[in-house]
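Notes for the one structure printed next.
The values are calculated or read from the model by the stated rules, or taken from the named source; none is laboratory data. Please read these numbers as outputs of a predicted model, since none were measured by experiment. Note that we place each Cβ from the backbone using ideal geometry, even for glycine, and neighbour counts take in every protein chain shown.
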Amino acid sequence: MLLGAFLYVIAVNEFVVPIGLYSGGFMGFAQLIRTFLTRVLGIRFGNIEIASVIFYLMNIPGMILARKTMGRLYLLKTVITISFVTVVMAFLPQITPPIMGDDLLASCMVGGLLGGAGIGLVLRSGASDGGMDIVSVLLLHRKKGLSVGRINLVTNCILYGIMFFVFDWHVVIYSLICAAVNSFTIDRVYAQNINMEVHIITGCDATALEKRLMSELDRGVTRWTAIGAYSGSELKILYCIVNKYEVRRLRTIVNEYDPHAFVVSTSGVQINGNFARHLS
């Protein structure tokens with residue numbers, strides 16, 4: 001989790017900011033506010049990257065509102081991650097001149113790759129780097145039918161729309177390229193909602209197992225009765241849909257009740273209807 005957070009800080013501080021570009025999401029808005037404070041109001045903060053402090057302050061209301069929805073462990077990890085990002089980004093010296101020189105495209109690509117890999121590691125560790133992830137927790141909990149991708153898209157459209165009227169067009173274009181590479185890399189490192197279709201064939205009393213799966217994974221379970229063709233004994237088949245990061249926990253739970261259960265998992269199934277997209 002901390003390694004991912006550190007990679008994200010390196011991407012922003014050493015590849016994105018030194019060439020005058022802007023990140024997406026909350027960090028991008030924090031950087032816009034920093035630019036307003038320094039260029040318009042003339043406020044100086046020394047060698048401290050004040051955007052990270054603004055980013056932290058922007059996350060506080062969301063963390064307070066989402067504390068019940070996120071769960072204690074997820075919230076604790078998120079607070080640690082955001083605090084780590086804030087402190088390291090605020091005091092980590094920016095390398096000058098830029099590492100990639102005047103090659104903006106190379107800086108965009110490297111910064112997007114490093115930042116996306118870092119965020120992906122944070123998400124895979126069961127945490128969040130804050131920003132739109134926390135907002136998504138709140139909105140998905142209150143309004144079904146939304147998706148994290150759609151929420152991020154709307155947010156970034158607003159952000160880069162503002163930038164288009166404030167900065168030169170090349171700043172907006174290269175910032176968009178960096179954000180696109182970042183999003184692509186996150187998807188490769190952490191495919192958040194790759195759906196898994198799971199069939200559990202067991203000869204044990206499935207009632208307790210069903211309740212455990214539904215309570216711990218927050219997933220619905222469908223049960224039907226079958227007959228084993230070889231043994232002739234009555235079996236229970238449990239059917240549910242989870243995301244790929246919930247499969248390991250599901251198998252652990254099943255093994256506690258029936259070590260000999262037959263579990264079949266199929267990835268990449270398409271789901272329509274009332275299926276919750278979990279953030280962790």
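One residue stands out in the stretch 120-171 among those that are on the phi > 0 side of the Ramachandran plot and modelled with pLDDT of 75 or more: the one that is surrounded by the fewest Cβ atoms within 10 Å (Cβ to Cβ), namely Gly126. Looking at this structure, is Ile80 under 18 Å from the mean Cα position of the chain (by Cα), over 28 Å from Val154 (Cβ atoms), assigned to a helix (DSSP H, G or I) and not hydroxyl-bearing (Ser, Thr, Tyr)? Answer is yes for this residue.
Yes or no: the stretch 205-215 includes at least one residue that is assigned to a loop (DSSP other than H, G, I, E, B) and assigned by TED's automatic domain parsing to the domain that holds Val263. Write out each step before concluding.
At the first step, the residues of the stretch 205-215 found to be assigned to a loop (DSSP other than H, G, I, E, B) are 205.
Narrowing further to those that are assigned by TED's automatic domain parsing to the domain that holds Val263: 205.
Checked the stretch 205-215: at least one residue is assigned to a loop (DSSP other than H, G, I, E, B) and assigned by TED's automatic domain parsing to the domain that holds Val263.
Among the residues of the stretch 10-22, just one is crowded, with 23+ Cβ neighbours inside 10 Å and out of contact with any Ser or Thr (no Cβ under 8 Å at 6 or more places or on another chain), namely Ala11. Taken as a whole, the condition of being among the aliphatic types (A, V, I, L, M), surrounded by fewer than 19 Cβ atoms within 10 Å (Cβ to Cβ), assigned to a helix (DSSP H, G or I) and in the same structural domain as Ala179 (by TED's automatic domain parsing) applies to Ile64.
Selection of the stretch 69-100 for residues being in contact with a helix residue (DSSP H, G or I) (Cβ under 9 Å, 6 or more places away or on another chain) and of a type outside the set (A, V, I, L, M, F, W, C) yields Thr69, Tyr74, Lys77, Thr78, Thr81, Ser83, Thr86, Pro93, Gln94, Thr96, Pro97, Pro98.
Please verify whether Asn255 is closer than 24 Å to Arg124 by Cβ, outside the structural domain of Ser23 (by TED's automatic domain parsing), of a type in the set (S, T, N, Q) and assigned to a helix (DSSP H, G or I), treating the condition exactly as stated. Yes; evaluated as a whole, the condition is true for this residue.
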